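The structure appears right after this line, and notes come after that.
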Amino acid sequence: MNYTIPLNVQIVQGEGNIVSDMDGEKVMLNIANGKYYNLGQIGGYIWELIRAPITVEELVTALMTEFDVEQEVCEEHTKVFLNQLLEEKIIHVC
């Protein structure tokens, strides 16, 4: 899948995931596919932010505020991460 999520679309968590904290990182079990995912610290932070619909642009702004990262790098890494979650059907585009 080569779809790139635009900055102006809203994304939100999908249903059917059990998320736990393990040593400061979030791990998730997707009930539908039975897979475990380690979201890590930053991925866990993203997961919390997308609890309610949020645009990718708002998400990037929040990440740049929380972490010391340049906008271009933040956008690129965030889109890659979100595309992976989208491919696994863990998040939804609103």
Need one word for the chain: rounded, prolate or oblate. Basis is the Cα gyration tensor (sqrt eigenvalues a ≥ b ≥ c); a/c below 1.5 gives rounded, then a/b vs b/c decides.
oblate
Taking all protein chains in place and a 1.4 Å probe, what share, in percent, of the accessible surface of the chain do carbon and sulfur account for?
49
Alpha-carbon centroid distance for the pair the stretch 77-94 / the stretch 56-74, whole angstrom:
16
Going by the alpha-carbon gyration tensor, a ≥ b ≥ c the square roots of its eigenvalues, is the stretch 30-69 rounded (a/c under 1.5) or, if a/c is not under 1.5, prolate (a/b greater than b/c) versus oblate?
oblate
Please list, by residue number, every one of the chymotrypsin sites (Phe, Trp or Tyr not before Pro) in the chain that is coil in DSSP and has at most 16 other beta-carbon atoms within 10 Å.
TYR3, PHE67
Relative contact order for the chain, counting Cα pairs under 8 Å that sit 6 or more residues apart, in percent
38
Just add up the charged neighbours of ASN38: K/R +1, D/E -1, any other residue whose Cβ is under 15 Å from the Cβ of ASN38.
-2
May I ask for log10 I(q)/I(0) of the stretch 1-51 at q = 0.19, 0.27 Å⁻¹, from a Debye sum over the Cα atoms as equal point scatterers with solvent left out?
-0.72, -1.09
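The values are calculated or read from the model by the stated rules, or taken from the named source; none is laboratory data. Predicted model, so just to flag it, every value in this text is computed and none were measured. Ideal geometry is used to build each Cβ from the backbone, glycine not excepted, and the neighbour counts take in all protein chains shown. Accessible surface areas use protein heavy atoms only, side chains included; no ligands, DNA or RNA. Shrake-Rupley method; radii C 1.70, N 1.55, O 1.52, S 1.80 Å.
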